[in-house]
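Below: the structure, in structure tokens.
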Amino acid sequence: MIVTTTPSVEGRKITTYHGIVVGEAILGANVMRDLFAGITDILGGRSGAYEEELMKARSTALGEMEARATGLGADAVVGVDLDYEVINSMLMVSASGTAVSLG
């Protein structure tokens, strides 16, 4: 599956638009509290543990988006956007894009 932030795939023609696909991942309040409570690895203002959790959440969101695109018969997702939101002390990572078939 090709996943890109651009509106097209260079050298390939979009033959079918399947619609918008989204994937989300939420880091719960306990995860956030545990991370902040155990931040002993902060050097220079960075937390490796927190960054690792964000990486997992982003990977989960992108994986869900790709799975939904595959379910629609797409072989690519274009115009991908990643959003990060804090909702009631939980962090949500959302990935969205347009599922397409390429010629």
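The values are calculated or read from the model by the stated rules, or taken from the named source; none is laboratory data. Because the structure is a prediction, the values reported are computed rather than measured. Positions of Cβ are backbone-derived with ideal geometry, glycine not excepted, and every protein chain shown enters the neighbour counts.
Data overview
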| read-out | value |
| --- | --- |
| Cβ-Cβ under 8 Å pairs, at least 6 apart or on other chains, the range 70-84 side farther than 16 Å from residue 9 by Cβ, far side buried (at least 17 other Cβ atoms within 10 Å of the Cβ) and charged (D, E, K, R) | 82/58 |
| Residue 101 vs. criteria under 30 Å from residue 10 (Cα atoms) and either among the aromatic types (Phe, Trp, Tyr) or in a strand (DSSP E or B) (or both) | yes |
| In the range 68-96, the residues that are part of a strand (DSSP E or B) and on the phi > 0 side of the Ramachandran plot | 79 |
| Cβ-Cβ under 8 Å pairs, at least 6 apart or on other chains, the range 48-64 side at pLDDT 90 or above, far side of a type outside the set (A, V, I, L, M, F, W, C) | 60/23; 61/23; 61/24; 61/94; 62/23; 63/23; 64/23; 64/24 |
| Selection from the range 85-94 of residues that are surrounded by fewer than 19 Cβ atoms within 10 Å (Cβ to Cβ) and either within 10 Å of residue 26 (Cα to Cα) or without any contact (Cβ under 8 Å) to a residue 60 or more places away in the chain (or both) | 85, 86, 87, 88, 90, 92 |
